Amino acid sequence: MARLATDCSCARLARCGWVRLGPSAGNVLVMSGPRGRISLSTDRLAAFSDGVLAIAATLLVLEIAVHPPGSLLHQVLHAWPSYLAYVVSFLTIGATWLAHTALTDRLTRSDPIFLQLNLVLLLVVAFLPFPTRLVIDALHDIADERVAVTMYGLTLLAIRLMAAAMDAYARREHLYSQQEDGEELQSAQRRLLPAVIGYVIAILIGLLVPRAAVTLYFFLAVYLIVPFGEMARLLFRRP
C-alpha cells in the first residue's frame, strides 16, 4: 500500500512537471522546463556568483604595492600603474556584478546550460587579477607592455562577451519572467555593442601604444558602470 501511494505521488508530481533526480543527486525534486529540460532554482546560482565576484574584486587590492629604492613618496608615486590597473579591473568587475544582478533578478528559472555559461563567466572574472598583475609589472617594462596589455584587453572583452551570451541564452530559452525587462537590464543591453567595439579598438591600439589602450580600458570601465543616460534625464528633467 505504501509503495502504491508513493507511485501515485510520483505520478502526480510528474504530471505537474516535477522530476526527481536519482540518489546520487540527493533525490532532489526539480521542475521540468520547456523542451523537456530541467529547470533549476536561481538562488544558489546568484549566491555562488556573488561570492566569486566579491573574492575576485578583493584580490585586486593585493596587487598594489610599493617597491624601493627611493623615498616613500617617490615609491607611492612610482606605483601609479597599480592604481590605474586596480581601478579599471575593479570597475569592470563591478559592472559585471551590476549586469549579472539585473539578469538573475529577472530569471524565473535556470537550466544546466545556463549554469555552465555562468561558470565560464566566473572563470574569466576570477582570472582577471592575473593579467591585472601583468599590466602593473609591464607598464614599467616597455618590452613586455604589448603582451600584458593585449592579454588584459582580451580578458576584459571575454567578460563582456560571456555576459552577453548569458543574456542571449536566457532570452532564447525564455528563462526571464514574462514581465517587461527592468531598467538595469535594458541599460546593460544598450551598452553592450559600444563596449565590445571599444574593447576591440583598444586591443588593436594596445598593439601599437599599450599605455593608450590602458587609458581606453579605464574610460570603458567608467562608461559601463556610470549611468550617464539616467543622470542626464535627472539633471535635465523639467520640474
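The values are calculated or read from the model by the stated rules, or taken from the named source; none is laboratory data. Model, not experiment: these values are computed from the prediction. Glycine also receives a Cβ, built like all others from the backbone with ideal geometry; neighbour counts cover every protein chain displayed.
Descriptive notes on the structure:
- Sole exception among (1) outside any loop (DSSP other than H, G, I, E, B); (2) more than 21 Å from MET166 (Cα to Cα); (3) β-branched (Val, Ile, Thr) for THR96, by number: (2)
- Answer residue from the range 213-235, given it is among the hydrophobic types (A, V, I, L, M, F, W, C) and without any contact (Cβ under 8 Å) to a residue 60 or more places away in the chain and is surrounded by the fewest Cβ atoms within 10 Å (Cβ to Cβ) among those: LEU235
- Checked against (1) out of contact with any Phe, Trp or Tyr (no Cβ under 9 Å at 6 or more places or on another chain); (2) in a helix (DSSP H, G or I), HIS140 meets all criteria but (2).
- Per the listing LEU62, LEU45, the residue uniquely surrounded by fewer than 12 Cβ atoms within 10 Å (Cβ to Cβ), assigned to a helix (DSSP H, G or I) and assigned by TED's automatic domain parsing to the domain that holds VAL120 is LEU62.
- Scanning the range 99-137 for residues that are small (Gly, Ala, Ser) and in a helix (DSSP H, G or I), we see that the one that is surrounded by the most Cβ atoms within 10 Å (Cβ to Cβ) is ALA99.
- Number of positions in the range 39-73 that are in contact with a helix residue (DSSP H, G or I) (Cβ under 8 Å, 6 or more places away or on another chain) and among the basic types (Lys, Arg): 0
- The range 184-212 residues that are within 19 Å of ILE225 (Cα to Cα), paired with ones that are among the basic types (Lys, Arg) and at pLDDT 90 or above (beta carbon under 6 Å, 6 or more apart): ALA195/ARG160; VAL196/ARG160
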